[in-house]
Amino acid sequence: MTLQMPSDHGRDRTEVLALFAVLFSLAGLSFALLAWQAVVPSPVHVAGMTVDRLSTSLTLLVAVIGTVTFRFSVRYLDGNPLRRRFLRLLTVTVVAAYLLMGSTNLVLFFAFWLLTSSGLHELLTIYSDRREAIRPARKKFLISRLGDLALIAAIVLIWNDWGTLDLNEFLAAVVASNDSRALGAIALLVAVAALTKSAQFPFHSWLPETMESPTPVSALMHAGIINAGGALLIRFAPVLVRVPEVLLLLSVIGTLTFAIGMLAMWAQVKVKRTLAWSTVSQMGFMMVQCGLGAFPAAAVHIVGHGCYKAWSFLRCGDVPLPSAAPVTPVRAMTLALIGTLVAIPALALAAWITGYSPLHSPGELALSAIVALAAGQLWVAILGRPLCGWGRGLAAVAATVGVSLGAFALYRGAALFLLPVLGELTPATGVLAWIAAALPVVTLVLLAVIHAWLPVIGRASFGRAFHVHALHGFYLGAIADRLVDSVWGRPTSFKSGANHA
């Protein structure tokens with residue numbers, strides 16, 4: 001693979017090539033290790049690091065996104081005096097995130113957790129004279145410190161009550177024993193740490209506000225680093241499934257987050273802010289998956305969303321495609337209902353073929369319902385135009401069957417693939433589990449209805465007012481800004497430089 005360099009001094013060229021080689025080598029290493037683990041699924045523990053199917057999948061994602069982002073940055077920042085510093089910081093941050101995904105010694109894990117956060121802060125404030133960049137970075141910095149405290153407290157409890165700092169030993173002891181010493185507190189603290197890391201309500205407002213940093217920072221942050229919270233929850237899955245109250249908390253917070261994110265996303269007019277609010281919503285849905293106990297599905301979501309969001313941010317400078325003509329609300333509702341109903345037999349067929357059982361737990365039933373709702377929206381996208389022929393109708397049916405098979409095959413495949421890592425996770429089936437499952441499904445139904453009626457709502461006075469509120473994220477960021485300013489003070493206003501990218 002050839003890295004084409006813009007005009008530059010020889011020393012800079014050598015340094016850039018060396019940094020690129022580091023990231024490219026990490027990607028190659030993870031690919032080789034993942035292939036090995038796919039054939040021989042025996043975890044290997046070396047110096048506080050664990051090589052298994054989960055760690056190799058996540059490290060490969062981080063390394064590939066980091067490599068692509070680095071290569072993009074070389075030309076994106078050509079001629080910018082801050083380019084060398086930016087590329088160094090980018091490399092350090094990617095390496096820290098890479099090592100974070102493979103760490104199972106809790107002290108080492110926290111060290112890379114902190115280093116990743118610090119590296120991201122430096123990237124977000126690379127233009128230190130931009131007030132618009134400093135305030136959300138400070139907000140993110142303080143929120144991250146709350147997550148650090150929660151994670152430290154969880155580590156202290158594990159050491160105090162279980163006598164180990166090795167995550168694998170701790171999880172093995174939890175699985176082998178009925179002892180519930182401090183498991184509730186540990187699960188809650190881990191959940192809080194994950195919520196702060198993955199920009200969940202009420203810690204989410206900084207994420208859509210970090211658009212003043214260079215585009216490669218957004219790609220790396222939205223596609224890679226933001227997933228660290230989900231990775232933490234997946235690692236602690238054997239603990240979390242034993243505490244249904246924490247699973248309910250994850251479902252409630254995740255549902256609230258994706259609802260706010262979707263409503264704000266629909267109101268945006270700028271591409272990057274639309275993508276940012278999309279990330280908020282997607283991370284909320286990932287938390288819901290964890291709250292449903294569907295940790296393998298959350299892992300699939302992390303990989304898929306990471307690849308898509310990196311691609312989206314790195315191409316956001318392209319000319320956008322023209323918007324499709326709006327669908328009338330009645331037609332949209334009718335098509336969504338028909339598509340959802342058609343999805344029911346398609347899901348039954350997919351369950352028979354793949355062996356995935358929607359009735360195995362409330363969480364899996366909720367995921368199946370969400371797939372059916374997604375099929376309904378697919379019908380709106382395919383058949384929304386008036387006077388559609390039989391060809392489009394057959395395409396909608398085929399797409400429904402394909403989505404159903406694809407979703408269940410991914411869920412079933414991910415569960416089997418991660419079985420050597422997570423073991424048999426006993427699903428929660430009590431009242432709290434049913435509440436956790438019903439809440440996101442009902443919310444998605446309401447959001448689908450709102451989206452269908454947006455053309456009508458937008459013409460009403462309350463709809464125009466609601467649009468303004470959603471455009472500004474319902475002012476949750478402004479409230480957080482006041483809290484940050486009370487701690488840190490207002491950022492000084494500077495003039496923007498001419499060399500900023």
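The values are calculated or read from the model by the stated rules, or taken from the named source; none is laboratory data. Note that the structure is predicted; figures quoted are calculated from it, not measured. In this analysis, Cβ positions are derived from the backbone assuming ideal geometry, glycine residues included, and neighbour counts consider all displayed protein chains. Areas reflect the complete protein model, heavy atoms only, side chains present, ligands, DNA and RNA absent. Shrake-Rupley method; radii C 1.70, N 1.55, O 1.52, S 1.80 Å.
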Check: Give me the log10 of I(q) over I(0) for the chain at q = 0.10 Å⁻¹, as the Debye formula computes it from C-alpha points; what are the numbers?
Finding: -0.82
Next item on the list: In whole Hz, with x marking every Gly and Pro, tabulate ³J(HN,Hα) for segment 220-232 from phi via Karplus 6.51 cos²θ - 1.76 cosθ + 1.60, θ = phi - 60°.
Entry: 5, 6, 6, 9, x, 5, 5, 7, 4, x, x, 4, 4
Next item on the list: Could you tell me the convex hull volume per residue, in Å³, taken over the Cα atoms of segment 85-165?
Entry: 69 Å³
Check: What accessible area per residue, rounded to a whole number of Å², is obtained for segment 1-125 using a probe radius of 1.4 Å?
Finding: 43 Å²
Next item on the list: Calculate what fraction, in whole %, of the accessible area of the chain sits on carbon and sulfur atoms when a 1.4 Å probe is rolled over the protein chains.
Entry: 69 percent
Next item on the list: Just flag the trypsin sites (Lys or Arg not before Pro) in segment 140-195 sitting in loop per DSSP whose Cβ has no more than 16 other Cβ atoms within 10 Å.
Entry: ARG181
Next item on the list: Provide the per-residue ³J(HN,Hα) series for segment 414-428, in order, calculated from phi with Karplus coefficients 6.51, -1.76, 1.60 and θ = phi - 60°, each as a whole number of Hz, with x at glycine and proline positions.
Entry: 5, 4, 5, 5, 8, 4, x, 8, 8, x, 7, 8, 6, x, 6
Note to self: Return the Rg/Rh ratio of segment 250-296 with Cα-based radii and a Kirkwood Rh.
What the structure shows: 1.07
Next item on the list: With r as the distance between the Cβ atoms of LEU29 and SER177 and R0 = 35 Å, compute the FRET efficiency 1/(1 + (r/R0)^6) and round to 0.05.
Entry: 0.50
Check: For PHE109, PHE170, what's the largest-to-smallest order of accessible area, 1.4 Å probe?
Finding: PHE109, PHE170
Notebook entry, point to check: How large is the helix-only mean residue ellipticity at 222 nm for the chain, computed as the sum of -39500 (n - 2.57) over DSSP H runs with n ≥ 4, divided by its residue count, in deg cm²/dmol to the nearest 500?
Noted result: -24500 deg cm²/dmol
Note to self: Apply the a/c threshold of 1.5 to the C-alpha gyration tensor of segment 14-59 and tell me whether it is rounded, prolate or oblate.
What the structure shows: prolate
Check: Based on the alpha-carbon gyration tensor of segment 1-155 and its eigenvalue square roots a ≥ b ≥ c, which shape applies: rounded if a/c is under 1.5, prolate if not and a/b is larger than b/c, or oblate?
Finding: oblate
Next item on the list: Starting with the highest mean, order 370-377, 345-352 by the number of other Cβ atoms within 10 Å, averaged over the residues of each peptide.
Entry: 370-377, 345-352
Checklist line | Compactness of segment 336-440 as Cα Rg over 2.2 N^0.38 Å, two decimals | finding: 1.21
Check: Could you give the accessible area per residue of segment 333-399, probe 1.4 Å, as a whole number in Å²?
Finding: 52 Å²
Next item on the list: Work out from phi, with θ = phi - 60° and the Karplus expression 6.51 cos²θ - 1.76 cosθ + 1.60, the ³J(HN,Hα) of each residue of segment 473-482, listed in order in whole Hz, and give x for Gly and Pro.
Entry: x, 6, 6, 5, x, 5, 5, 5, 4, 5
Item checked: Alpha-carbon spread of segment 404-492, three principal axes, descending order, Å -> 51, 43, 29
